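Structure first, then comments.
The values are calculated or read from the model by the stated rules, or taken from the named source; none is laboratory data. Everything numeric in this text was worked out from a predicted model, so none of it was measured. For neighbour counting, all protein chains shown are included, and Cβ atoms are generated from backbone atoms with ideal geometry for every residue, glycine included. Heads up: the accessible areas ignore ligands, DNA and RNA and are worked out on the full protein's heavy atoms, side chains in. Shrake-Rupley method; radii C 1.70, N 1.55, O 1.52, S 1.80 Å.
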Amino acid sequence: MEDKNLERWRLMLGGDQADGTDVRLSGDLQQMDQVLAALYEGERSGGLGASSPKVSRWLGDIRTYFPKSVVQVMQQDAFKRLNLKSMLMEPEMLELVEPDVHMVANLLSLSRMIPEKTKDTAREVVRKVVEQLMQKLAQPMQQAVTGSLNRAARNRRPRHSEIDWNATILKNLKHYQKDYKTIIPEVRIGYGRKRRSSMKDIILCVDQSGSMATSVVYSGIFGAVMASLPAVSTKMVVFDTAVVDLTEDLQDPVDLLFGVQLGGGTDINLAMGYCQQITTRPADTVLVLITDLYEGGNTEEMRKKILSLAGSGVQIVVLLALNDEGKPYYDHQNAAFLAQHGIPAFACSPDLFPDLMAAALQKLDMALWAANQGISTAQG
């Protein structure tokens, strides 16, 4: 066991004379060391350089010697440390990459530069990740949204098929008959029939500047799921210094994502103006604004438009990020201004987003919801 621990320390420390382990590696461990050195110790190992054969071999090696979760981290480190975005331009190399949401973000940011020979392969990589995320996230999203709308439509004179038995039992516990070991349901609570008046409009308004790349990917996935639900009407808008309505592409999230143009500036004010135009039922609308709040347009007008939307009855949720990447960068002054007016801003992980939408559709206090989830709201 001690030898195994020393070998792990040797792999982590890199084998320089000062590592203190005096351990010599062989076999697979030696191969693993060379793979790690190529990425993290470029000067000692010669690195990967710009050689396609070297990169291709390295991609294969990391998948051989490391688990999938580690592979994805190493690939991201390679993009950042070794400027290997050029590897995405070759279909043969792209096929070797372990796809994940960060890979999709990289591909989308390069979509305008991807050569014709690589486009089909890039599209398949994106489709594979989209399908994986849909399998993971679709059911929780559907259950959360439909459940919240059902709760909003409860009535006290339901038909038998419409009775919410859990709620009915809880409501009638005081009528428990000990002798008969049963409850007399004096009050029945049920899910009312869906009516147009109980439907909700959802607008996803997403900042497509480069720093929001993974948030854009997750937004597209959730937008596609919500667009498939008959009880809500979902629109998706992306913006930089212009506004693009991608609602028509929600039926195919891959098409939607390739309609995004990551990068460029940010004009939140322009996006809020467009959202005002497409809001027809303010009291039944949830607007999810996903942005780091760094405004490149007119800050004063942007603030006025957000407050105007909220004042008209729109439930506004400001997400500084929709990803698992930790604490986001954001404009603290704009976040503080919104918080002072009852619109908290915070980051949300994809796993929590379905619950967030359920809370927003019920018009709950979003600051309280965030606190209950252990999420810190933005401070000025």
Qualifying residue in the stretch 301-311 (condition: closer than 26 Å to Ser228 by Cβ and open to solvent by 20 Å² or more (accessible area, probe 1.4 Å)): no
Subset of the stretch 227-245 (residues that are in a strand (DSSP E or B), out of contact with any helix residue (DSSP H, G or I) (no Cβ under 7 Å at 6 or more places or on another chain) and farther than 14 Å from Phe258 by Cα): Ser233
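Could you tell me whether Gln276 is over 24 Å from the mean Cα position of the chain (by Cα), over 21 Å from Asp365 (Cβ atoms) and surrounded by fewer than 17 Cβ atoms within 10 Å (Cβ to Cβ)? Lay out the reasoning, then the answer.
Values: over 24 Å from the mean Cα position of the chain (by Cα): yes; over 21 Å from Asp365 (Cβ atoms): yes; surrounded by fewer than 17 Cβ atoms within 10 Å (Cβ to Cβ): yes.
So Gln276 passes the test.
Can you find even one residue in the stretch 173-184 that is part of a loop (DSSP other than H, G, I, E, B), surrounded by fewer than 20 Cβ atoms within 10 Å (Cβ to Cβ), modelled with pLDDT under 90 and of a type in the set (Phe, Trp, Tyr)? Give the derivation first.
Our first condition is that a residue be part of a loop (DSSP other than H, G, I, E, B); within the stretch 173-184, this holds for 178-181, 184.
Keeping just the survivors that are surrounded by fewer than 20 Cβ atoms within 10 Å (Cβ to Cβ) gives 178-181, 184.
In the following step, the residues that additionally are modelled with pLDDT under 90 were identified as 178-181, 184.
Filter once more, so that each one left must be of a type in the set (Phe, Trp, Tyr): 180.
Yes, the stretch 173-184 contains at least one residue that is part of a loop (DSSP other than H, G, I, E, B), surrounded by fewer than 20 Cβ atoms within 10 Å (Cβ to Cβ), modelled with pLDDT under 90 and of a type in the set (Phe, Trp, Tyr).
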Any pair with Cβ under 7 angstrom, 6 or more apart, that starts in the stretch 351-370 at a residue that is farther than 15 Å from Gln142 by Cβ and ends at one that is assigned to a loop (DSSP other than H, G, I, E, B) and open to solvent by 10 Å² or more (accessible area, probe 1.4 Å): Leu352/Gln373; Met366/Pro344; Ala367/Pro344; Ala367/Thr377; Ala370/Pro344; Ala370/Thr377
Single match in Asp61, Asp77, Asp28 (criterion: surrounded by 15 or more Cβ atoms within 10 Å (Cβ to Cβ) and either modelled with pLDDT of 70 or more or under 23 Å from Val126 (Cβ atoms) (or both)): Asp61
Filter result for the condition that a residue is open to solvent by less than 20 Å² (accessible area, probe 1.4 Å) and either at pLDDT 90 or above or closer than 21 Å to Asn323 by Cα (or both), over Gly259, Gly223, Gly264: Gly223
Subset tally (residues that are under 17 Å from Ser215 (Cα atoms) and either outside any helix (DSSP H, G or I) or of a type in the set (Phe, Trp, Tyr) (or both)) for the stretch 332-363: 9
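Can you tell me how many residues within the stretch 364-373 are outside any helix (DSSP H, G or I) and either buried (at least 21 other Cβ atoms within 10 Å of the Cβ) or among the aromatic types (Phe, Trp, Tyr) (or both)? It would help to see each step written out before you state the result.
Narrowing the stretch 364-373 to residues outside any helix (DSSP H, G or I): 364-365, 373.
Now restrict to residues that are either buried (at least 21 other Cβ atoms within 10 Å of the Cβ) or among the aromatic types (Phe, Trp, Tyr) (or both): none.
Counting residues in the stretch 364-373 that are outside any helix (DSSP H, G or I) and either buried (at least 21 other Cβ atoms within 10 Å of the Cβ) or among the aromatic types (Phe, Trp, Tyr) (or both) gives 0.
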Some residue of the stretch 194-213 being under 26 Å from Lys305 (Cβ atoms), modelled with pLDDT under 95, outside any helix (DSSP H, G or I) and out of contact with any Ser or Thr (no Cβ under 8 Å at 6 or more places or on another chain): yes
Qualifying residue in the stretch 308-321 (condition: among the hydroxyl-bearing types (Ser, Thr, Tyr) and modelled with pLDDT under 95): no
